[in-house]
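Read through the structure below, which is laid out as structure tokens, and then see the notes.
Read-outs throughout are calculated quantities, based only on the coordinates presented, and are distinct from any laboratory measurement. Remember, predicted model here, so these are calculated numbers, not experimental data. For neighbour counting, all protein chains shown are included, and Cβ atoms are generated from backbone atoms with ideal geometry for every residue, glycine included.
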Amino acid sequence: MREADDVTLKVGGQLFEGWQSVSVQKGIRNPAGAFSLGYIEKTAPNGPPPRILNGEACEVLIGGETVITGWIEVSAYSFDDQSHSMRVEGRDRTGDLVDCSALNSPGAWSNRTLLQIATDLVSPFGLTVTARADAGAAFKKFS
């Protein structure tokens, strides 16, 4: 188990560290990896926390290794003269697939393997598909 100090959020080339609460979820049963990061600074802060905006591209790194490449979905801030807090949540790029239906282009495939069809479906999202086992013979027709 890693410490929260090992977790870095990269947004727009800027690194954010020092998280006090960390949740990173990835697994075969989760179609999209997700994360939630937060902190509260109770010393007299030097102004509000840095702004991270919803929809920004991001990476979550643990121990210097990227574990999620995706988007910020929630950014919540509060601050006063005594403290400030920030909570950031997001999902990896496969979340785009979860939230939509197929772009249906070309709509029908002939003599294409499952791997080829899957590649066609995810390519508009900047994703790739790999098969670690035989994906089977080509479908005569698939729509």
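Summary of computed values
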{"read-out": "Simple Cβ-charge dipole of the chain, Lys/Arg +1 and Asp/Glu -1, about Cα centre, in debye nearest 20", "value": "780"}
{"read-out": "The chain: relative contact order as a whole-number percent, Cα under 8 Å and 6+ apart", "value": "20"}
{"read-out": "Computed E for W71/L15 - FRET, C-beta separation, R0 25 angstrom, nearest 0.05", "value": "0.90"}
{"read-out": "Geometric extent, Cα atoms of the stretch 89-137 - Rg, Dmax (angstrom)", "value": "12.2, 42"}
{"read-out": "Along each principal axis, Cα extent of the chain, largest first, Å", "value": "68, 30, 25"}
{"read-out": "Stretchable slack from S110 to D134, in nm (0.36 nm times residue separation minus alpha-carbon distance)", "value": "6.7 nm"}
{"read-out": "Charge dipole (the chain, unit charges on Cβ, about Cα centre) - positive-most of G136, T69, G18", "value": "G136"}
{"read-out": "Within the stretch 63-123: Cβ-based charge dipole about Cα centre, in debye rounded to nearest 20 (Lys, Arg +1; Asp, Glu -1)", "value": "380"}
